[in-house]
Every structure is written in C-alpha cells, then in structure tokens.
Amino acid sequence: MARVGKVTREGLFRHNVLVLFAAGFMAVLVFQSGANAILHAYGFANQPFNYTPTKPFGVPTVWSGAFWGGLWGLVFGLAEKHFPRAPVYYVCAFLFGAIVPVLVLWFIVSPLKGNPIAAGWNVQRMAIQMLVHGCFGLGVGILVQAFSRDARA
C-alpha cells in the first residue's frame, strides 16, 4: 500500500512531478500563447508574450504565467491519472484546461485582482479564455505523454 503523498505509480501522480511541472510551464509558452497569438492575429485576444511586470515582484507576465502553468501541471497530474487511455485522453486534457483553471481564474483570481468575475460575463471573452486554457490543457497532456517514461515504454 502506498503512503499518502508518495510520488509513485500508486501515489498521487502517475508521472514524475518534474515532468508535470515542465509540461505545464512549456504548455503556457507554446500551446496557450500560440492559441493566443492566433486569436490576436484575428483581433480576438490580447497580444501574446506580454512582458509587462507583474505585482509585487515585477516578473514579466509571460514568465509568471509559465510558472503558474507549471503549478497547474501538478494539478493536471492529480486529475490525469483518472483520464481514460486512448484518443479520449486528449479530449479530457483539453476539457481539464478549459474548465478547471478557468473557474479558478473567473471566481478567485479575477476578484483578487479587482477585476469582474467571469470575464464580466462577456460571452466572447469567456469563450476565448476557455479556448486558450483548453489549448493549455491539451498541451500539458501532449507534453506529459511525450516526456513520460511510462508513455515511451
């Protein structure tokens, strides 16, 4: 029987925590920012790779987002062990990204930053946030599978 918190096949995660963090970090830079760049080209989203300093430490927004993406990669790892194997895995990964981080963004992060909840109930902004974060979730799923020893074996 596995101990609580032990990072093994029987424990909290199916994959190595460093793989999960790295996948989340890189998914923000490649998949989420890539989707944002495409949407920006069509006038639907803000400019990707924003280097505006964040508060309180002055870290550029893009690197702050990548760090938080790494932490979300760990949360993804907690849920991912329940995803089915097969192509449906990637649908679950997309849906994870489109739902879980977005709900936290809408109802926790935005109010803490003094912004309106749920993107001000603007349906277009809500859909864009769900799409971009869904691409993040898909990216984490793809990268975790690519970097994992279990997936390559």
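What follows draws every value from the coordinates through simple rules; no lab data is involved. Everything numeric in this text was worked out from a predicted model, so none of it was measured. Cβ placement follows ideal geometry from the backbone for every residue including glycine, while neighbour counts extend to all protein chains displayed.
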Margin query: Can you tell me the orientation of helix 17-27 relative to the chain, as the angle in degrees between its alpha-carbon axis and the longest Cα principal axis, to the nearest 10?
Written below: 30 degrees
Checklist line | Low-density loop cleavage sites - chymotrypsin sites (Phe, Trp or Tyr not before Pro) in the range 3-101, where at most 16 other Cβ are within 10 Å (DSSP) | finding: Tyr42, Phe44, Phe49, Tyr51, Phe57
Check: Taking the inverse of the average 1/r across all pairs of different Cα atoms in the chain, what Kirkwood radius in Å do you get?
Finding: 16.1 Å
Note to self: Only four residue types carry charge here, +1 at the Cβ of Lys and Arg and -1 at the Cβ of Asp and Glu. Report the dipole size of the chain about the Cα centre in Debye, rounded to the nearest 20.
What the structure shows: 320 debye
Note to self: With the crude spin-label approximation of a point 7 Å out along Cα→Cβ, what separation in nm comes out for Trp68 versus Tyr51?
What the structure shows: 2.1 nm
Check: Between the helical axis of 123-147 and the dominant principal axis of the chain, each derived from Cα atoms, what acute angle in degrees is found, rounded to the nearest 10?
Finding: 30 degrees
